[in-house]
Amino acid sequence: MRLSGQSYRLQRNPSIIGMWAVVGGGGTMKIHSQYNLASLTDNGVGDFTLSYVIPFASASDYAVVGGLVHTSPVSPCQGVANPPTASTVRMLSFDPANPAAAVDFDPVTVLCVGRR
């Protein structure tokens, strides 16, 4: 493919999906499906850590997006517990009506996009 007479060269995409996972709480955390997920650690109710097989270039070279499938009348929220590292992210799930109350939801989705 040529663009206005310029040669086209494939380059590494700086916004590529580096890791995604669908995990579940409710007692013991479990992995439903994943890409580039090395491990899942259950830190307690609504609190879990994901580790990557292939890490990102650095902790500041990627973004984390968390989401939940609504399984109750409450619209659950999810956030990053601590600043992520190049190879891990720690997530929290909580009830937005009571942000102090951590809650296990199933399923929970996490997507990490950035430079590796």
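Some notes on this structure:
- Net charge over other residues, Cβ less than 14 angstrom from the Cβ of ASP95 (K, R count +1; D, E count -1): -2
- Think of the range 17-114 as having a plus end and a minus end, set by charges on the Cβ of Lys, Arg, Asp and Glu; of ALA63, ASN43, ILE17, ILE17 sits farthest toward the positive end of this dipole.
- Protection proxy ranking for 83-95, 55-67, using the average of other Cβ atoms within 10 Å per residue and placing the highest first: 83-95, 55-67.
Values quoted throughout were computed directly from the atomic coordinates according to the rules given, and no laboratory measurement underlies them. Because the structure is predicted, anything quoted here is derived from the model rather than measured. Cβ coordinates were reconstructed from backbone atoms using ideal geometry, including for glycine residues, and neighbour counts include every protein chain displayed.
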